[in-house]
1. Work out, step by step, the length gained on full extension between Leu402 and Lys2: first 0.36 nm times the residue separation, then minus their alpha carbon distance; give nm to one decimal.
2. Compute the distribution of all C-alpha to C-alpha distances in the range 79-131, in bins of 10 Å from 0, and list the percent of pairs in each, rounded to whole numbers.
3. If you wrap the range 377-446's Cα atoms in a convex hull and average its projection over all directions, what's the area in nm²?
4. Quote the FRET efficiency, to the nearest 0.05, computed for Asp133 versus Phe81 with a Förster distance R0 of 22 Å and r equal to the Cβ-Cβ distance.
5. Between Leu68 and Ile314, what FRET efficiency comes out of the Förster formula 1/(1 + (r/R0)^6) with R0 = 51 Å and r the beta carbon distance, rounded to 0.05?
6. What size of dipole, in debye to the nearest 20, comes out for the range 3-82 about its Cα centre when the only charges are +1 on Lys and Arg C-beta atoms and -1 on Asp and Glu C-beta atoms?
7. Could you give me the ³J(HN,Hα) list for the range 6-13, computed from phi with Karplus coefficients 6.51, -1.76, 1.60 and θ = phi - 60°, whole Hz, x at Gly and Pro?
8. Taking only the alpha carbons of the range 106-148, what extent do you get along each of the three principal axes, in Å, biggest first?
Amino acid sequence: MKYSELILYLKTHLERPSTNFKWTNENNQKFFDFLDENAPVDYLSKMENLLEIKKAFKEYFENVGYILFQLKNHTIKFKVFEYKVEPKDSSNVYKIVSLIEKNEKFILKNYNGRSDHILIEKELKDKIYAFIDTLDEENINKKELVKYSVRNSFKLNEKDIIIVKEESIFVKMCKVSNTQSLSANQENLTDRRFNGIDINELETFNIEHFSSQDDKAFFNLAATLFVERYLLNKKITNEEYEKNVFSYVQSIITEQLINTFDHCENFFKGLAGYIFRIHFLEVFEYISEAILVELSLSNSYMIDFLRYYSSDPIVIAGHKYKTPALETDNGLKWNVISMLSIVKVYEKTNLSIKQTIHTIEKKEAEMLEFYVDAYSPVEYSHHSLVQEKSLLKQLIQYEKTLEICRDSITFAKTENDKIRIKEEIKLIKEEIKKTKEEKKILLNKIPSIKVVNTFLQLEKEVLSMNRQLKRDQKILGQNEESFLSIRNALCKALISKKKKMD
């Protein structure tokens with residue numbers, strides 16, 4: 001499971017972060033149901049995954065406070081505590097500034113040939129965080145303390161951006177243009193949609209800092225938040241949707257960028273506009289898919305919302321308008337009724353496939369627990385019989401050799417011959433003892449009839465589920481073309497607006 005999937009779950013299933021947040025038994029059950037359905041079967045058995053869960057919760061609440069967190073026996077307990085000290089009031093700012101100044105060799109000014117870029121390399125970043133981790137006397141947002149200290153060290157203003165990355169700390173000094181006083185040449189390099197930010201700056205930032213993010217998770221989250229916030233919760237009208245959808249989505253993207261990077265709202269409004277433009281279709285495909293999931297559940301609001309796109313001309317204030325149609329590029333038209341049956345089958349089958357795959361993984365993990373020396377119980381039972389025969393054959397051979405050696409002592413001509421034969425007898429006895437122990441271990445490992453039957457039952461269930469999986473995959477394949485046709489038609493309609501008729 002990706003870390004971004006944990007963050008996506010928290011952001012779409014929990015209330016907004018606050019120091020008063022209460023984690024209920026219902027929250028706990030739903031979270032572990034989510035892990036059970038989506039994570040590998042051994043996910044919670046690995047310490048690195050437990051630490052990643054803790055990290056996700058810590059990141060989710062980081063802006064409002066720090067948490068004491070415990071995960072034990074499929075139960076999460078945590079409490080959010082308010083920070084007691086603001087970064088500007090920290091007594092340790094000057095120490096971090098001093099640390100930065102003493103390690104100038106790890107600071108790259110004019111980074112990437114840009115006079116407005118500074119990079120603090122990993123060596124210095126690690127030193128800063130090593131010092132920060134010793135600060136137990138201050139209840140403070142450590143990430144914001146680092147940013148505030150860096151801002152002071154380089155005498156940056158509030159518009160400048162500081163990004164704490166895994167391998168470095170990046171600084172971008174922002175010189176935001178006023179779009180109302182741009183020269184003709186500047187007008188060619190900016191776009192009012194991008195908040196007056198030079199497009200070249202946005203492109204560079206996108207390539208160097210945003211494109212390395214998990215784009216799929218980022219835009220899926222933006223789409224999910226939009227659908228949940230404005231369609232499922234606020235239940236906006238089609239008119240409000242047409243009027244505000246682009247600004248709503250862009251504001252969500254801005255919000256995500258600020259949460260991910262820094263609080264320079266002016267720059268990230270511009271960046272949000274830029275990346276929304278280049279990922280425009282992708283965002284609306286995710287929105288379309290989220291809406292179709294709700295349609296498959298027969299959500300009455302969503303059914304009414306979608307009927308708008310297959311309605312006759314509508315009249316507003318005495319004027320006739322033609323609404324966007326659910327129509328594909330090749331002219332195929334859809335309506336709620338024709339969509340509903342296909343979407344229900346597709347989403348139900350898709351969910352069944354995910355659940356079946358996960359159940360197969362769980363049962364296969366159960367089966368692995370019955371393996372002995374890399375053999376299944378059935379294979380080991382057969383293998384042990386073959387090995388037992390081989391060991392019995394060896395024992396018979398050793399006994400014969402032992403008998404010959406014992407007889408030969410009588411006919412030994414010299415004392416040295418007797419000593420040599422006795423040594424041989426001793427070695428043979430040791431081999432007999434070792435072989436008998438090996439045989440005993442082998443027989444002790446033979447699975448019981450109950451274990452073999454349990455394994456065979458699991459194997460039978462897995463075979464049955466694999467057959468079901470193939471049937472579902474066939475059904476999904478048969479409906480995929482129609483589903484994609486519906487999604488693409490809906491996507492086109494969602495980015496269109498009603499047109500006034502003459």
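1. Working: separation 400, 0.36 × 400 = 144.00 nm, distance 6.36 nm.
Length difference between fully extended and current span is 137.6 nm.
2. 21, 38, 29, 11, 1
3. Details: hull surface 17.8 nm².
Its Cα hull, projected and averaged over all orientations, spans 4.4 nm².
4. On the way: r = 18 Å, r/R0 = 0.80.
Efficiency, rounded to the nearest 0.05: 0.80.
5. Numbers: r = 55 Å, r/R0 = 1.09.
With a Förster radius of 51 Å, E is 0.40.
6. Details: 11 positive and 12 negative charges, 68 e Å.
Magnitude of the dipole: close to 320 debye.
7. Couplings: 5, 4, 4, 4, 4, 6, 9, 10 Hz.
8. Ordered largest first, the range 106-148 gives principal extents of 40, 18, 8 Å.
A short reminder: the numbers here are calculations on the coordinates, not readings from a lab. Nothing here was measured: the structure is a model prediction, and the numbers come from that model. Quick reminder, even Gly has a Cβ in these numbers, built from the backbone with ideal geometry, and neighbours come from all protein chains shown.
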